[in-house]
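To start, the structure itself, in structure tokens.
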Amino acid sequence: MSSPRSSATDWQPSVQQPLIDELRRQVAAQLAASGARLTGRERDQRVEQLVAGALDAHARDRLAAGAMPLDPPVEAVVAKAVRDALTGMGALQPLLDDPSITNIFINGGTVWVKRADGTKTRMPAVTATADELIDLIRDIAARAGADERRFDRGVPRVSVRLPDGSRLFATMLSREPSVSIRRHTLLHASLDEMALKYGAMDHGLLALLTAMVLARRNVIICGGTDTGKTTFLRAMAKAIPPDERLITIEDTDELALDEDPDHPDCVALQAREPNVEGEGGIDLAELVRWALRMSPDRVILGEARGGEVVPLLNCMSQGNDGSLATIHTSSSKQAFTRLMTYAAQSAERLPFESTAPLVGGAVHFVVHLAWSTDGVRVVSSIREVLHAEGAEVISNEVFRPGPDRRAVPAAPLRTDTLDELTAAGFNPNLIRGW
């Protein structure tokens, strides 16, 4: 009588989960027992060898017990799951491997993904229990975090940059742990690619934005959640000449400009959480002050959302022209109110009457991003900052949202601004309607 072959249900990862867990424990124990200090690539190769050996041993055991080994396709699924658990992001890895996914949301056992085309899909749970999800988050934080990243009831949130550049944020304040992962699939996209390949702007706007960078204009990039602000900032930074010294400042490392060969002189500063005793924390405002002592040509702030706006604005108005930052807003005009509100919440407690002149003298342009009506992330509005009057920042909306939310020409640029941009290579004839 022949031995039974693997059934169709063996394809399902949930059916093989006990075997996956057992093999993971075996391989992890073998790695720990070796005591060898391996580089990332060496560790990946060693894990692959140990997983193959463990599966060979499992096949021999099944044959000795009178059962057929796993079918090759099923064995491949098991091997990948074990490797992912030890060298990748565990059960999250299949989602991270999908290039069409831009966001992953996990609410306990409920998983949603958002894709590049704007569609949202519910996916199977990545873990069987909330405790397993917490363990997965802790393991990822331990392997991917650059410094101490606790995740427990005492510190119920963690934010880390994953190896592929994605940002993971998790919290356990609700009944079940919640995880949000923002994918950065366009880590090295330029403004040209944003325009020509992804439809974020037309040729005229492409030329204008490139000239802003080359003319060393200070730019605030704003927009709502998931409008691509970080990606767009990174694309604008691509236009910065490679001989310039850049200092990037972030809460969690997302820009990765220091890893880009186009920016050989770049230092990435990252805020640090306090340790268990509540000491050693370094916030963004302090990092901006540090950056000014490092002789930067430009300072790039990943996201302004607090008191760091005061040193940032001082930085922009004290010789570090060409600096960039992002901020959450629902319109280009709201960027000014948001900056002044953050300044009022800073250690300096600046009133609007003091902050408006600071913004008016530091910021040259505000670029607002939005989703178009046909589901594309686009440049929707551009404002040229003129000056301040009392507690208000005065600006011209040189591009306003059109019917499909794409930017269309509105008020013309000031003559002196246009001259500066033209000297940087901008051709005004590319803009129809001025």
Q: State whether the residues of segment 388-402 include one that is among the acidic types (Asp, Glu) and under 21 Å from residue 430 (Cβ atoms).
A: yes
Q: Just give me the residues in segment 296-343 being in contact with a His (Cβ under 8 Å, 6 or more places away or on another chain) and either surrounded by 24 or more Cβ atoms within 10 Å (Cβ to Cβ) or among the β-branched types (Val, Ile, Thr) (or both), in sequence order.
A: 329, 332, 335
Q | Residues of segment 108-131 that turn out to be surrounded by fewer than 16 Cβ atoms within 10 Å (Cβ to Cβ) and either touching a residue at least 60 places away in the same chain (Cβ under 8 Å) or assigned to a helix (DSSP H, G or I) (or both), as a count | A | 6
Q: Return yes when residue 287 is farther than 26 Å from residue 118 by Cα and either at pLDDT 85 or above or assigned to a loop (DSSP other than H, G, I, E, B) (or both) and no when it is not.
A: yes
Q: State all residues of segment 320-339 that are over 23 Å from residue 292 (Cβ atoms) and within 21 Å of the chain's Cα centre (by Cα); if no residue qualifies, say none.
A: 328, 329, 330
Q. Does residue 72 fit the bill of being closer than 18 Å to residue 20 by Cα and either charged (D, E, K, R) or surrounded by fewer than 16 Cβ atoms within 10 Å (Cβ to Cβ) (or both)?
A. yes
Q.
It is to be established whether one or more residues within segment 136-146 are crowded, with 20+ Cβ neighbours inside 10 Å, within 30 Å of residue 85 (Cβ to Cβ) and touching a Gly at 6+ places or on another chain (Cβ under 8 Å).
A. yes
Q) Would it be correct to say that residue 233 is under 20 Å from residue 380 (Cα atoms) and either buried (at least 19 other Cβ atoms within 10 Å of the Cβ) or in the same structural domain as residue 364 (by TED's automatic domain parsing) (or both)? A) yes
Q: Scan segment 241-262 residue by residue and report those that are part of a helix (DSSP H, G or I) and either of a type in the set (Ser, Thr, Tyr) or surrounded by 20 or more Cβ atoms within 10 Å (Cβ to Cβ) (or both).
A: 257
Q: Scan 379, 393 and give me the residue that is β-branched (Val, Ile, Thr) and either under 21 Å from residue 314 (Cβ atoms) or modelled with pLDDT under 95 (or both).
A: 393
**Q.** strands (runs of 3 or more DSSP E) within segment 316-434 that include 3 or more residues out of contact with any Gly (no Cβ under 9 Å at 6 or more places or on another chain)
**A.** 377-389, 392-401
Q) In segment 1-37, which residues are more than 17 Å from residue 62 (Cα to Cα) and modelled with pLDDT under 65? A) 8, 9, 11, 12, 13, 14
Q: Would you check if residue 265 is assigned by TED's automatic domain parsing to the domain that holds residue 346, without any contact (Cβ under 8 Å) to a residue 24 or more places away in the chain and surrounded by 15 or more Cβ atoms within 10 Å (Cβ to Cβ)?
A: no
Q) Inside segment 157-240, counting only helices (runs of 4 or more DSSP H) that do not spill past its ends, which hold 3 or more residues that are farther than 20 Å from residue 329 by Cα? A) 191-196, 203-214
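The values are calculated or read from the model by the stated rules, or taken from the named source; none is laboratory data. Owing to the predicted nature of the structure, the values given are computational and were not obtained by experimental measurement. Positions of Cβ are generated from backbone atoms using ideal geometry, with glycine treated the same way; all protein chains shown enter the neighbour counts.
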